[in-house]
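Scroll down for the structure; my scribbles are underneath it.
The values are calculated or read from the model by the stated rules, or taken from the named source; none is laboratory data. What you are looking at is a predicted structure, and each value in this text was computed from that prediction instead of being measured. Using ideal geometry, Cβ is built from the backbone for each residue, glycine included, and neighbour counts are taken over all protein chains shown.
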Amino acid sequence: MSNEEEIYQEHILDHYEDPFHKGHCPCTTHAHEADNPLCGDVVRVELNIGDDGVIQDAYFDGDGCCISQASASMLMEEVQGKRLDDVKSFNAQDMLKLFGARLTPNRQKCCLLSWQVLQSAIYSPVNGSSESREGSQEESS
């Protein structure tokens, strides 16, 4: 195993064992949950998106393999404080690059679950609101 692979494995284990913002967002404005029925991984993403379109807080919760849970932790750390436009343009390849380690196609699905849930969460306001904060921003501009 190369030094680079060892570093990635340590980084992945660090996020799995001591995840960033695992739990529930204290002031959730947007949320979504999904699973990977093939392996049983489940991820829920809860966001607090400010009126300025910036992700103030990003939390995840769920159960699953080391890859799904570590990638969710990495992603929450990555998007905390980012503008919605930047998060929307963050694609699957960016997520795999953020994760770092080479993965088989089946394991890529584990890694990409949190990214898919995040992309849905930004369009899923809570508390019965029918529009996202971004929609409100565009109307008021």
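A few notes on this one:
- Tally of residues being touching a residue at least 40 places away in the same chain (Cβ under 8 Å) and more than 18 Å from H24 (Cβ to Cβ) across the range 37-46: 3
- Considering residues of the range 100-141 that are under 23 Å from C27 (Cα atoms) and of a type in the set (D, E) only, the residue modelled with the highest pLDDT: E131
- Failed criterion for A101 (all others in (1) part of a loop (DSSP other than H, G, I, E, B); (2) more than 16 Å from Y16 (Cα to Cα) hold): (2)
Let's see how each residue does on (1) under 23 Å from E10 (Cα atoms); (2) in contact with a Phe, Trp or Tyr (Cβ under 8 Å, 6 or more places away or on another chain):
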site	(1), (2)
I55	no, no
D61	yes, no
G64	yes, no
M76	yes, yes
Q93	yes, no
K97	yes, no
G100	yes, yes
Q108	yes, no
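- Restricting the first member to the range 47-76 and to residues that are at negative phi, and the second to residues that are modelled with pLDDT under 95 and of a type in the set (S, T, Y), the beta-carbon pairs closer than 6 Å and six or more apart or on different chains are C66/Y16; Q69/Y16; A70/Y16.
- L38 meets all of the listed conditions (1) touching a Lys or Arg at 6+ places or on another chain (Cβ under 8 Å); (2) buried (at least 16 other Cβ atoms within 10 Å of the Cβ) but one, namely (2).
- Contacts under 8 angstrom Cβ, first residue in the range 91-104 being farther than 15 Å from L118 by Cα, partner acidic (D, E), 6 or more apart: A101/E5
- Of the strands (runs of 3 or more DSSP E) lying entirely inside the range 5-84, the ones with 1 or more residues being among the aromatic types (F, W, Y) and at pLDDT 95 or above are found at 55-63.
- Qualifying residue in the range 45-67 (condition: buried (at least 18 other Cβ atoms within 10 Å of the Cβ), under 14 Å from L112 (Cα atoms) and out of contact with any strand residue (DSSP E or B) (no Cβ under 7 Å at 6 or more places or on another chain)): yes
- Cβ-Cβ contacts under 9 Å between residues 6 or more apart (or on different chains), taken from a first residue in the range 1-30 that is over 16 Å from L47 (Cβ atoms) to a second residue that is in a loop (DSSP other than H, G, I, E, B) and modelled with pLDDT under 80, are listed as Q9/M1.
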